[in-house]
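What follows is a set of notes on a single structure, which appears directly below.
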Amino acid sequence: FLVEPLDRMGGVLTLTDVYCVYNRARNSTELVAPEDVFKACERFEMLGVELKLTKLDSNVLIVESRDFRGEKGAQRVLEATEKRGSLSPMDLANESNIPLGLALEQLQNAERLEKLCRDEGGVNDQGVLRFYPNLFCSQYAKDDRCSKT
């Protein structure tokens, strides 16, 4: 029941969204308790489901496909950034159809994996946070100073 909504939302749903999607999918007036949905999501990895429950730095609980974050997710964000030249969290949120906070997390994950660099000054000093492809660790790296991700 989560495959289609996860695909539509870029591979991630907040736990609140999972609760809503699950109860809508049941087509019943009797709702499953939020705590029961939470406990079921905690067991995804143990059951071998290709999803996992993750607590983000912002304390938001999400259910994500295995490739939402990590190397595959960072590569997907890098490709989107290269296509546009740069991305703000709002750009990625609109493009990927995900909440703004999750877009920022994805950009920061790609930055941690040295795929992107950030510019906190923004265009015309408007204070817009933008991310750019990390040319230091891609095109110009001639030694092993950049980690191998």
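The values are calculated or read from the model by the stated rules, or taken from the named source; none is laboratory data. Computed from a predicted model, the values in this text were never measured in an experiment. Note that we place each Cβ from the backbone using ideal geometry, even for glycine, and neighbour counts take in every protein chain shown. Keep in mind that these areas ignore ligands, DNA and RNA; they rest on the heavy atoms of the full protein, side chains included. Shrake-Rupley method; radii C 1.70, N 1.55, O 1.52, S 1.80 Å.
If you go through the range 50-69 and pick out every residue that is of a type outside the set (K, R) and open to solvent by 90 Å² or more (accessible area, probe 1.4 Å), you end up with 3. Taking the criterion of being surrounded by 13 or more Cβ atoms within 10 Å (Cβ to Cβ) and without any contact (Cβ under 8 Å) to a residue 60 or more places away in the chain, the residues of the range 14-35 that qualify are L15, T16, D17, V18, Y19, C20, V21, Y22, N23, L31, V32, P34. Contact map, the range 36-63: first residue aromatic (F, W, Y), second residue open to solvent by 40 Å² or more (accessible area, probe 1.4 Å), Cβ cut-off under 6 Å, separation 6 or more or different chains; pairs are F44/K52. It is to be established whether one or more residues within the range 7-21 are part of a helix (DSSP H, G or I) and closer than 18 Å to L104 by Cα. Yes; the residues of the range 7-21 include at least one that is part of a helix (DSSP H, G or I) and closer than 18 Å to L104 by Cα. Given the condition at pLDDT 90 or above, touching a helix residue (DSSP H, G or I) at 6+ places or on another chain (Cβ under 7 Å), surrounded by 17 or more Cβ atoms within 10 Å (Cβ to Cβ) and charged (D, E, K, R), answer yes or no: does some residue in the range 102-118 qualify? Among the residues of the range 102-118, at least one is at pLDDT 90 or above, touching a helix residue (DSSP H, G or I) at 6+ places or on another chain (Cβ under 7 Å), surrounded by 17 or more Cβ atoms within 10 Å (Cβ to Cβ) and charged (D, E, K, R), which makes the answer yes.
Annotation: of all residues in the range 75-95 being touching a residue at least 24 places away in the same chain (Cβ under 8 Å) and in a helix (DSSP H, G or I), the one that is most open to solvent (accessible area, probe 1.4 Å) is E82.
Restricting V63, V18, V77, V37 to residues that are within 30 Å of L135 (Cβ to Cβ), of a type in the set (A, V, I, L, M), touching a Leu at 6+ places or on another chain (Cβ under 9 Å) and at pLDDT 85 or above narrows the list to V77. K72 fulfils the conditions (1) in a helix (DSSP H, G or I); (2) open to solvent by less than 30 Å² (accessible area, probe 1.4 Å); (3) at pLDDT below 90 except for a single criterion, (2).
Of everything listed in (1) open to solvent by less than 60 Å² (accessible area, probe 1.4 Å); (2) of a type in the set (A, V, I, L, M, F, W, C); (3) over 22 Å from E111 (Cα atoms), the single unmet condition for L47 is (1).
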